[in-house]
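Laboratory data are not the source of any read-out in this text; all were calculated from the coordinates shown. Predicted, not measured: the structure shown is a model, and the values here were computed from it. Cβ placement follows ideal geometry from the backbone for every residue including glycine, while neighbour counts extend to all protein chains displayed.
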Amino acid sequence: MHCPFCRHPDSRVVDSRTTDDGTSIRRRRQCPDCSRRFTTVETCSLMVVKRSGVTEPFSRTKVINGVRKACQGRPVTEDALAQLGQRVEEAVRATGSAELTTHDVGLAILGPLQELDLVAFLRFASVYRAFDSLEDFEAAIAELRQARGPAADDEDARAGSQEDQRGPGGTIEVPVPAHAAD
Ligand SMILES: [Zn+2]
């Protein structure tokens, strides 16, 4: 690849090491022209098969954008979204599979999102798991309460069951999950 400093068309590898989790290789390179050093990361190309059957490269940005929609109005920072994106990517890469479905990606999002914000989790899950009735929300909330134990009846869970799931006029606002937009 081109030197990122002087655009020289070639570079020399001076060091290669596999990352701890074994899913990528970092190479230290040196430009033979300007002698500056830079690092490249080699990972397995990860493809996502969409519902339409179209295949596209996995995109952490798409994951983050999908989750960001579910987090509208919630106290979730961009940093937290970036961390979630990284966790999701690490999780799907750790499967060792070179090809995933949008369903696999959604599944990998649910766990970290549940830890991040319960309301956003319910919004996302409502689309991902195709909730089509209030009973579906109630069942999901009951599941969350059970998973969180007796202390679970807090602000997040209440907000999830009442106000925050409804938009103006009582409609349920649904975000588009990552990779499901088209
Ligand atoms: Zn150079």
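See the values below:
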item: Label zone at Arg7 (point 7 Å along Cα-to-Cβ), backbone N below 15 Å, the range 18-39; result: 34
item: For Met47, distant residues with modelled amide H under 5 Å away; result: Phe58, Glu99, Leu100
item: Theoretical gain in end-to-end length, Thr18 to Glu99 [0.36 nm per residue, Cα-Cα removed]; result: 27.0 nm
item: For peptides 79-85, 45-51, 134-140, sequence by mean Cβ density within 10 Å, most packed first; result: 79-85, 45-51, 134-140
item: Stokes-Einstein translational diffusion, the range 64-134 - Kirkwood Rh over all Cα pairs, 1.567 mPa s, 4 °C, in µm²/s; result: 104 µm²/s
item: Of the chymotrypsin sites (Phe, Trp or Tyr not before Pro) in the range 2-84, those whose Cβ has at most 14 other Cβ within 10 Å and which sit in DSSP loop; result: Phe5
item: Relative frequency of Cα-Cα separations exceeding 20 Å in the range 1-106, percent; result: 56 percent
item: Long-range amide H partners of Ser24 with built H, under 5 Å; result: Thr19
